[in-house]
Amino acid sequence: MRKIILFLILIWGQAIFAGPQDTLEMEFVLKLDPKVYRYSDYGEAPQIAIWIEQPGKNQVRTLLVTRRTAKGEWVGKVECPVSLPYWVSRYGIESGKSNLPGPKNPVPDAVSRATPKETLTAKTRVPAGIELIYYIEMNVSGDYNRDFPSMIDGVGPDPQGNGQPSLVYMGKIKTQPGTAGTPELVGRTDQLDPVQSLITDLSGITNAKELFTSIRISIREN
């Protein structure tokens, strides 16, 4: 029954963007610099989520989220609420659920993906002739620096091993054949708390901004 419900949620998420229009292919290609995560304290590839929204409509569709966050597959802990907290808040709108994804509440297999090493590609079908906002959130665990240290005054060790918090990129695109775009870094979340709104002050963010060597979004007919 749970699998049926998750399948219906996924179909509903696709349907809210559907209409009588022809559909086009929307593709995301993300290139990563492995040095950014290999030099972190854990050396693990990042957590990433990609989703789209329609302006002025409370409609969200997740296209991809890496498996640790999607399934709650964390080493030595049950959950990590600061992994991709902004996506989690948007996924709550999409799925109608308020709790974190986890073993008992996983994201559908259709959108979960193994953590990428150097290149991540995601594709979806979207109606032609509409405006879309697209988002990418990423987080490298254990990439500490002076502003986001492993030992925090009044707290002690970073309880989630987070370091620099997740970063969120955003762009807008018209779904017409041949259209392409590149998102901008628009904000971050918090090292310690699973915030649901973005912090636009990016001071203190260092090597985390260098994870993506390129991001390209394109719209085409097939």
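List the residue pairs whose Cβ atoms are under 9 Å apart, where the first residue sits in the range 90-118 and is hydroxyl-bearing (Ser, Thr, Tyr), the second is assigned to a loop (DSSP other than H, G, I, E, B) and modelled with pLDDT under 90, and the two are 6 or more positions apart or on different chains.
Once the first residue is hydroxyl-bearing (Ser, Thr, Tyr) and sits in the range 90-118, its partners that are assigned to a loop (DSSP other than H, G, I, E, B) and modelled with pLDDT under 90 give Tyr91/Lys97.
Return yes when Lys57 is in contact with an Asp or Glu (Cβ under 7 Å, 6 or more places away or on another chain) and within 27 Å of Glu27 (Cα to Cα) and no when it is not. Walk me through how you get there before you give the answer.
Details: in contact with an Asp or Glu (Cβ under 7 Å, 6 or more places away or on another chain): no; within 27 Å of Glu27 (Cα to Cα): yes.
Considered against the rule, which asks whether it is in contact with an Asp or Glu (Cβ under 7 Å, 6 or more places away or on another chain) and within 27 Å of Glu27 (Cα to Cα), Lys57 comes out as no.
Of the numbered conditions (1) of a type in the set (S, T, N, Q); (2) under 23 Å from Asp158 (Cα atoms); (3) at pLDDT below 90, Ser89 fails exactly one; give the number of that condition.
Going through the list (1) of a type in the set (S, T, N, Q); (2) under 23 Å from Asp158 (Cα atoms); (3) at pLDDT below 90, Ser89 breaks only (3).
Please go through (1) part of a loop (DSSP other than H, G, I, E, B); (2) of a type in the set (Lys, Arg); (3) closer than 21 Å to Pro165 by Cβ for Lys97 and return the number of the only condition it doesn't satisfy.
That leaves (3) as the condition not met.
Enumerate the pairs (first residue in the range 195-220 and under 17 Å from Val82 (Cβ atoms); second residue anywhere and surrounded by fewer than 13 Cβ atoms within 10 Å (Cβ to Cβ)) with beta-carbon separation below 7 Å, excluding pairs fewer than 6 apart on the same chain, so at least 6 apart or on different chains.
Every condition considered, the pairs that remain are Gly204/Asp147.
Given (1) assigned to a loop (DSSP other than H, G, I, E, B); (2) in contact with a helix residue (DSSP H, G or I) (Cβ under 6 Å, 6 or more places away or on another chain); (3) more than 26 Å from Leu202 (Cβ to Cβ), identify the lone condition not met by Ser83.
(3)
Scan the range 160-174 and tell me whether some residue there is at pLDDT below 95 and among the β-branched types (Val, Ile, Thr).
Within the range 160-174 (the criterion being at pLDDT below 95 and among the β-branched types (Val, Ile, Thr)), the answer is no, since none of the residues qualifies.
Considering only the range 49-76, state which residues are touching a residue at least 60 places away in the same chain (Cβ under 8 Å) and basic (Lys, Arg).
Arg61
Are any residues in the range 40-59 farther than 19 Å from Ser83 by Cα and at pLDDT below 95, and if so, which ones?
Gln54, Pro55, Gly56, Lys57, Asn58, Gln59
Out of Ala70, Ala128, Ala114, which single residue is farther than 26 Å from Val36 by Cα and aliphatic (A, V, I, L, M)? Talk me through it step by step, then tell me what you get.
On the way: Ala70 fails: farther than 26 Å from Val36 by Cα; Ala114 fails: farther than 26 Å from Val36 by Cα.
Just one listed residue meets the conditions, Ala128.
Quick check, is Gly161 assigned to a strand (DSSP E or B) and touching a residue at least 40 places away in the same chain (Cβ under 8 Å)?
Working: assigned to a strand (DSSP E or B): no; touching a residue at least 40 places away in the same chain (Cβ under 8 Å): yes.
When the stated conditions are applied, Gly161 does not pass them.
Is one or more of the residues making up the range 96-111 hydroxyl-bearing (Ser, Thr, Tyr) and surrounded by 13 or more Cβ atoms within 10 Å (Cβ to Cβ)? Give the derivation first.
First, the residues of the range 96-111 that are hydroxyl-bearing (Ser, Thr, Tyr): 98.
Then drop every residue that is not surrounded by 13 or more Cβ atoms within 10 Å (Cβ to Cβ), which leaves none.
Within the range 96-111, not a single residue is hydroxyl-bearing (Ser, Thr, Tyr) and surrounded by 13 or more Cβ atoms within 10 Å (Cβ to Cβ).
Return the residues of the range 172-193 that are surrounded by 14 or more Cβ atoms within 10 Å (Cβ to Cβ) and more than 14 Å from the chain's Cα centre (by Cα); say none if nothing qualifies. Please lay out each step first, then the result.
Just the residues of the range 172-193 that are surrounded by 14 or more Cβ atoms within 10 Å (Cβ to Cβ), to begin with: 173, 175, 179, 181, 183, 185-192.
The answer is Ile173, Thr175, Thr179, Gly181, Asp190, Gln191, Leu192.
Of (1) at pLDDT 95 or above; (2) more than 30 Å from Thr175 (Cβ to Cβ); (3) in contact with a helix residue (DSSP H, G or I) (Cβ under 7 Å, 6 or more places away or on another chain), Pro103 satisfies all except one. Which?
(1)
Collect the residues in the range 135-157 that are surrounded by 21 or more Cβ atoms within 10 Å (Cβ to Cβ) and either in contact with a Phe, Trp or Tyr (Cβ under 8 Å, 6 or more places away or on another chain) or not in a loop (DSSP other than H, G, I, E, B) (or both), keeping them in residue-number order. Explain how you work it out, then say what you get.
Let us first name the residues in the range 135-157 that are surrounded by 21 or more Cβ atoms within 10 Å (Cβ to Cβ), namely 135-141, 143, 148.
Tyr135, Ile136, Glu137, Met138, Asn139, Val140, Ser141, Asp143 - these are the residues of the range 135-157 that are surrounded by 21 or more Cβ atoms within 10 Å (Cβ to Cβ) and either in contact with a Phe, Trp or Tyr (Cβ under 8 Å, 6 or more places away or on another chain) or not in a loop (DSSP other than H, G, I, E, B) (or both).
The values are calculated or read from the model by the stated rules, or taken from the named source; none is laboratory data. Everything numeric in this text was worked out from a predicted model, so none of it was measured. Positions of Cβ are backbone-derived with ideal geometry, glycine not excepted, and every protein chain shown enters the neighbour counts.
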